[in-house]
Structure formats: C-alpha cells, structure tokens
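First the structure, in the form of structure tokens, and then the observations on it.
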Ligand SMILES: Nc1ncnc2c1ncn2[C@@H]1O[C@H](COP(=O)(O)OP(=O)(O)O)[C@@H](O)[C@H]1O
Ligand SMILES: [Mg+2]
C-alpha cells in the first residue's frame, strides 16, 4: 500500500463481508431503537445503566417525563408539579403513598404484578387529595415510571365520538390512559357525573379498570364521594372490583381552599 493510500485508510470503510455487523452498524441500529437481541447481541441486564443503552434510554426517559407533565398541563394542574412527599402533611398520608409507590416500582422491576393494584385517596373537597396524588405522580415520574393524570369526567368526555382534544381519536385516548401508563392517576372518581349517562360511564370505567387489572398496571383514584355515592354511579359490581385490590387512605382535614374570612360584598 502506498503512503497516500495508507493515509486514506478508514477502517469503517474497509470492504466487509455481506451481512457483517460492524460497530458502526450497531451504533446506527441502537440509535433507531432496534432490538439487538434479534441480531444475537446479548441485552444488558435490565437494571444496569450501561453505555450501550444510553442513546436509547435517555430519549425514552424524556418522553415519559413529558407524558406526565403534559397530562398535568391538560388537566390545568401545572401548579401541582412542584409537590413531593416531603411537602405533604401527615393527614395526606405521605408514608402510605411512598410505601405503595415503592411496591409498584419494585413490581415493575421484577416484571410482576403489584399485590395492591389500587390506591384510593378519599376525603372532603379541599382536604388535599389532588395534592397528595400529584405528589405521588411527581415522585413516580422521577423514578422512571410512565405516569398519566386525568380526571374521571375528562376521560369520559374524551372517549365520546369526536370528544378527544387536538383531534385525538377515541382509540388514541384509550391507549394513552388505559394501555400505556405504568401508573394512571384517575382524579375525582365519579365527580361531575350529573347528566352523564350511567350506562356509558359504567361501560367505559369497567373497560378502564378491567383492562388495567388484566395487564397488571396499577391505578390511583381520588374522590370526595363516600362509598354509597360511588356505588350509585358505578354499581356494586365494578366498585367491588376497585375495592378488592385496594389500599384506602382517608385524608381528613378542613377545606384548605375556604377563604378564612368571607368576602365583604
Ligand atoms: N400540605 C399542604 N401544604 C400547603 N398547602 C396545601 C397542602 N396540601 C394541599 N394544599 C393546598 O390546598 C388546596 C386544596 O388542595 P387540593 O389537593 O386541590 O384539594 P382536593 O383535591 O382534596 O380538593 C390547594 O390550593 C393546595 O395547594
Ligand atoms: Mg381535587
């Protein structure tokens, strides 16, 4: 080989055997999110943050964080993104929330089903339920879970024909809330249900709860209704399915939203 030719020698451009997989090819496949095990490249252990997966896992983690933040924005709850367990009062049950999240994260790591699939936060209006479940969502998102937040009535509205935001289809709404999230936070269970046909509410909610249970994906509910109020909307059968695998945390406290003094007008 002449000196000139030697200087132009680029290993990556060397002639290679047909179908030979070079480092360069692998890097391109990884960027595209290819399943390298299909190529006989051993996958790294699940919990090791090896460099091999960095360029795939980083964008995926960003997408999960974004999904959580977008769902909070869509619910007009951006101001709840700041809450963490440490900010909650004891009445908001930060320890129970944190222990349960621990069990959910561990179950996902082991690809197992959490033993307690549902976490129900009940309490009066303004007692701090949404704050508590938002703190849970923030912490869960920080720990790498795909979490989404939606109010029950909003979900039902979106599931009506042409009811989805930004032209989203009914199918897409279901996929986003029922199929995809590791953790779904369904705020205000059976809230604002006046005038919503019970048949539709039951069918859609049964589908949501049943599908998530079947796939082993946990759900959080918050509500200011008592058991009887929820039973009136969902029926005993569905309510028992929700209660069956649930931890119930009652948040007891005054309405924090009440003005201390009535306005003078
Ligand atoms: N631990 C807390 N410390 C201070 N303010 C809180 C706390 N928890 C909730 N709040 C405030 O109380 C108000 C009502 O809380 P929210 O969670 O919306 O109640 P709920 O969902 O039960 O109706 C909100 O303005 C919220 O910021
Ligand atoms: Mg609330």
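The values are calculated or read from the model by the stated rules, or taken from the named source; none is laboratory data. Bear in mind that the values here come from a model prediction, so they are computed numbers and not experimental data. Neighbour counts run over all protein chains shown; Cβ positions are idealised from the backbone, glycine included.
Computed values, structure above
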| read-out | value |
| --- | --- |
| Cβ-Cβ under 8 Å pairs, at least 6 apart or on other chains, region 105-128 side more than 15 Å from residue 245 (Cα to Cα) and touching a residue at least 40 places away in the same chain (Cβ under 8 Å), far side away from ligand 2 (no atom under 16 Å from the Cβ) and part of a strand (DSSP E or B) | 122/248 |
| Residue 38 at pLDDT below 95 and loosely packed, with under 11 Cβ neighbours inside 10 Å | yes |
| Identity of the residue in region 134-189, away from ligand 1 (no atom under 16 Å from the Cβ) and in a strand (DSSP E or B), that ends up nearest to the chain's Cα centre (by Cα) | 147 |
| Residues of region 129-155 that turn out to be touching a residue at least 60 places away in the same chain (Cβ under 8 Å), surrounded by fewer than 22 Cβ atoms within 10 Å (Cβ to Cβ) and more than 16 Å from ligand 2 (Cβ to nearest atom), as a count | 3 |
| Subset of region 102-128 [closer than 15 Å to residue 256 by Cβ and out of contact with any helix residue (DSSP H, G or I) (no Cβ under 8 Å at 6 or more places or on another chain)] | 124, 125, 126 |
| Cross-chain or 6+ apart pairs with Cβ under 7 Å, region 238-265 first and in contact (Cβ under 8 Å) with a residue 40 or more places away in the chain and farther than 22 Å from residue 201 by Cβ, then away from ligand 1 (no atom under 16 Å from the Cβ) and part of a loop (DSSP other than H, G, I, E, B) | 247/116 |
